[in-house]
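Data block below; observations after.
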Amino acid sequence: MAAEARKVARVMLLDPDDRILLLHGFEPADPATNWWFTPGGGLEGDESREAAALRELAEETGLTDVELGPVVWTRTCSFPFDGRRWDQDEWYFLARTARTTTHQRGLTELERRSVAGLRWWTSAELLTTRETVYPTRLAGLLRTLLDEGPPRVPLVLAPEIA
């Protein structure tokens, strides 16, 4: 299976109560294979990572009134999805919103076939969940981010290969 390389912008969106918004995804051919992940996606054309982060957030959540902050983490990952292999170079932006009402009317065709919904998670819920969450160390990373604030330079997370 040939890999499709992508530059990706992801958003660590926090609400006023420091809850993080995650999407619930699944493998289209096997809905029992599911996970939670941050909003975001691939850059289009010569789009900047910042522009991609805001566009993807609007498409996947309906939220446009957000304060986009710094890049807090980067990582590379490789995984099979929908019959293809994806090699991604991901940047994670910290963002804040006061609005927590969402909608998913802007999903792409593939997202409509692979996203079951979304929800706001507390740090405590992430620390105790047995569900799969990406990046895999998100609970601890979020707790550190909330306790210490954004790092001076983005943390480089360990690569994840599935």
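List the pairs whose first member sits in the range 146-158 and is in contact (Cβ under 8 Å) with a residue 24 or more places away in the chain and more than 13 Å from Pro70 (Cβ to Cβ), whose second member is open to solvent by less than 60 Å² (accessible area, probe 1.4 Å) and assigned to a helix (DSSP H, G or I), and whose Cβ atoms are under 7 Å apart, counting only residues at least 6 apart or on separate chains?
Leu146/Ser123
Within the range 119-138, work out how many residues are open to solvent by 20 Å² or more (accessible area, probe 1.4 Å) and in a helix (DSSP H, G or I).
Residues that pass the stated criteria total 4.
Any idea which of (1) in a strand (DSSP E or B); (2) under 17 Å from Trp36 (Cα atoms) is the one Thr76 doesn't satisfy?
Going through the list (1) in a strand (DSSP E or B); (2) under 17 Å from Trp36 (Cα atoms), Thr76 breaks only (2).
Out of all the residues in the range 49-71, is one or more assigned to a strand (DSSP E or B), farther than 24 Å from Thr136 by Cα and open to solvent by 70 Å² or more (accessible area, probe 1.4 Å)?
Scanning the range 49-71, I find at least one residue that is assigned to a strand (DSSP E or B), farther than 24 Å from Thr136 by Cα and open to solvent by 70 Å² or more (accessible area, probe 1.4 Å), so the answer is yes.
So which residues in the range 93-105 are open to solvent by 30 Å² or more (accessible area, probe 1.4 Å) and not hydroxyl-bearing (Ser, Thr, Tyr)?
Matches in the range 93-105: Arg96, Ala98, Arg99, His103, Gln104, Arg105.
Among the residues of the range 4-44, count how many are small (Gly, Ala, Ser), open to solvent by 10 Å² or more (accessible area, probe 1.4 Å) and touching a strand residue (DSSP E or B) at 6+ places or on another chain (Cβ under 7 Å).
2
Would you mind stating whether Glu90 is modelled with pLDDT of 95 or more, surrounded by 12 or more Cβ atoms within 10 Å (Cβ to Cβ) and more than 23 Å from Arg49 (Cα to Cα)?
Here the answer is no, as Glu90 does not meet what is asked.
Pairs under 7 Å by beta carbon, first residue of a type in the set (Lys, Arg) in the range 15-29, partner surrounded by fewer than 15 Cβ atoms within 10 Å (Cβ to Cβ), six or more apart or different chains?
That search, which allows pairs on different chains as well, returns Arg19/Thr122.
The values are calculated or read from the model by the stated rules, or taken from the named source; none is laboratory data. Just so it is clear, the model here is predicted, and its values are computed rather than measured. Note that we place each Cβ from the backbone using ideal geometry, even for glycine, and neighbour counts take in every protein chain shown. For the accessible areas, the whole protein counts, side chains as well, though only heavy atoms, and no ligand, DNA or RNA atoms are used. Shrake-Rupley method; radii C 1.70, N 1.55, O 1.52, S 1.80 Å.
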